[in-house]
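Here is the structure we will look at.
The values are calculated or read from the model by the stated rules, or taken from the named source; none is laboratory data. What you see is a predicted model, and the numbers here were worked out from it, not measured in a lab. Note that each Cβ is placed from the backbone with ideal geometry, even for glycine, and that neighbours are counted across all protein chains shown. For the accessible areas, the whole protein counts, side chains as well, though only heavy atoms, and no ligand, DNA or RNA atoms are used. Shrake-Rupley method; radii C 1.70, N 1.55, O 1.52, S 1.80 Å.
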Amino acid sequence: MLDIETVRSHPQRVKEAVRAKYAGSPDEIDDLLDRVDELLEVDEARRSHITEMQEKQSRQNDLSSEIGKLKREGKDDEAEKRIEQTSELKEEIDALNEKVEAAETRQRELLLALPNIPHSSVPVGATEEDNEIEETVGDKPSFDSEPHPHWELTDQHDLVDFERGAKVTGSGFPFYTGRGARLQRALLNFFLDRARDRGYQEMQAPLFVNPESAEGTGQLPDKEGLMYKIKESSPEDVEDEITNRLLKREESPNGEAEVRREVRSMINDLMEGDFYPIPTAEVPLTNFHRDEIIDGDDLPLKYCGYTPCWRREAGSYGADVRGLNRLHQFDKVELVHIVHPDESYRALDTLLRDAESALEALGLPYRRLLMCTGDMGFTQAFKYDLEVWSAGQERWLEVSSISNFEAFQARRMQIRYRPEPEAKPRLVHTLNGSGLAFPRILAALLENNQQPDGTIELPDVLHSYTGFAQIE
RNA sequence: GGAGGGGUGACCGAGUGGUCGAAGGUGCUCGCCUGGAAAGCGAGUGUGCCGCCUUGCGGUACCGAGGGUUCGAAUCCCUCCCCCUCCGCCA
């Protein structure tokens, strides 16, 4: 979420950010630009109503304390006169208050819809074609014969059972079997041990979050389709809720439009999830400090956590989703930084090195992309992607995305720090990066390390974690 | 799931309708004292928003959340959430 003051004083910067981020889908630009204009109007109206309301509240308070004084002095007649004066004031205050609340609600809606402003150094571009390849590290392995894609290797060595996963749950929910499962556990321990050695505090987070948390990190309201949803309430609960609301309604409001609006708000409330299975550990780990004021001396905070992640990934198909390339449930170690706002780009470099060095330790060739404005997503101010080479598919697979959100998430979550004792609290900056996502790492390890005799050699650093050095 | 108790500022804790944004204490900041420190003494110390003559001043809201009663609510009423204790169930 952007700061209303930024929008108020630099509407052009905000509009430029909208154009830059939505360059790939121009239809949405006009709509969002209109929202910026509406926001300016709403803000203006909101403030003038507040000023007017507060003047009246002030008079009301004066009258009330006079009434109290008069009553104590026994001058009930005088007090009665004052009480009469307050009734009109009260009505005016109520009316103004309604306007203020409506404006505040609308203002928040509009603000939540505006994307973060990209850092000035981010390359301008519309699609992934415009991302900059900053560096390619390591050499692609060479093969005498055509290397196999990982889904053939997992079949051959009984490492992953996609079919039974599909039977038991659905497509995109594989079983890892035998050495496949042990390899996953090895990655888990390897990544967490590395993170701990690099100064991260290990966390085990809840795997479901509430809607407030999902909004805090930016999954709601913009990316609801990304997440699965859990409702605790039964159809009977829903029926009761609707019935109660209809009964409570003071006479039928006027006209279809009014009714329709009410129904829509009812549906929205009833459709909201009670919980969301996390799409990434970023959500619980960053929300850990939601609505807190952190002692400045405690910054930076660095957390790591292993969790499964669930994603709906609606509408994806084809070679992209073959094998381990894209799953509805996958495992990941996530790294999160909560830092002083002046330090966030330094922290981004550290975070980047933390992720990259893990790839280097595993001996996987990778490249680092600097994401352009159009491909970086709603909440980020700056984003790198790390992609590993997948020899069997002859393509690059994204295994980590490393982002600085600056104060965008912190403002939604109200995570602040106090620079000095007695100083005013300021928003922190938040960052996160995958360190790393397991399935594509597994795919690359299998494909890149396959041998002519059909065996797979595992990198040295994993041997002590797997208990085996190769898969025959 | 059943029964009961409770949610007040960074923390503890008073406050049951009228100068209560909230006593007292702890912590913290500054000053005095000291060779230095502790102790002691004195002063200060919440957040958001709005306005203005914008290193500050004024106003307003906030005592778990939302609604209600009242001229006036931390205090009374209703709904919800969370925490604790006991019983039951349970990986």
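Before moving on, here are some points about what is shown:
- Test: residue in region A:186-198 that is at pLDDT 70 or above, part of a loop (DSSP other than H, G, I, E, B), among the hydrophobic types (A, V, I, L, M, F, W, C) and surrounded by 15 or more Cβ atoms within 10 Å (Cβ to Cβ): no
- Of everything in region A:223-241 that is open to solvent by 60 Å² or more (accessible area, probe 1.4 Å) and either under 30 Å from A:P115 (Cα atoms) or β-branched (V, I, T) (or both), the residue that is modelled with the lowest pLDDT is A:E224.
- Meets criteria (part of a helix (DSSP H, G or I), touching a Ser or Thr at 6+ places or on another chain (Cβ under 9 Å) and of a type in the set (S, T, N, Q)) for A:T105: no
- Looking at A:A443, A:A410, just one residue is open to solvent by less than 10 Å² (accessible area, probe 1.4 Å), in contact with a strand residue (DSSP E or B) (Cβ under 7 Å, 6 or more places away or on another chain) and within 16 Å of RNA strand B (Cβ to nearest atom), and that residue is A:A410.
- A:R72 meets the conditions (1) near RNA strand B (Cβ under 8 Å from one of its atoms); (2) touching a residue at least 24 places away in the same chain (Cβ under 8 Å) in every case but one. The failed one is (2).
- Hits in region A:367-390 (condition: assigned to a loop (DSSP other than H, G, I, E, B) and surrounded by 23 or more Cβ atoms within 10 Å (Cβ to Cβ)): A:M371, A:C372, A:M376, A:Q380, A:A381
- Close contacts from region A:441-454, counting a first residue that is at pLDDT 95 or above and a second that is assigned to a strand (DSSP E or B) and small (G, A, S), with Cβ to Cβ under 8 Å and a gap of 6+ residues or different chains, come to A:A443/A:S390; A:A444/A:S390; A:E447/A:S390; A:N448/A:S390.
- Any hit, region A:83-90, residues being basic (K, R) and more than 9 Å from RNA strand B (Cβ to nearest atom): no
- Where A:E394 falls short, out of the listed (1) within 28 Å of A:P118 (Cβ to Cβ); (2) without any contact (Cβ under 8 Å) to a residue 40 or more places away in the chain: (1)
- Taking region A:1-99 and the helices (runs of 4 or more DSSP H) fully enclosed by it, the elements with 1 or more residues that are open to solvent by 60 Å² or more (accessible area, probe 1.4 Å) and closer than 22 Å to A:C372 by Cβ are at A:11-21, A:27-72.
- Strands (runs of 3 or more DSSP E) (entirely within region A:280-341) containing at least 2 residues that are among the hydrophobic types (A, V, I, L, M, F, W, C) and within 16 Å of RNA strand B (Cβ to nearest atom): A:292-295
- Residue identified as in a helix (DSSP H, G or I), surrounded by fewer than 23 Cβ atoms within 10 Å (Cβ to Cβ) and over 21 Å from the mean Cα position of the chain (by Cα) among A:E422, A:E356: A:E356
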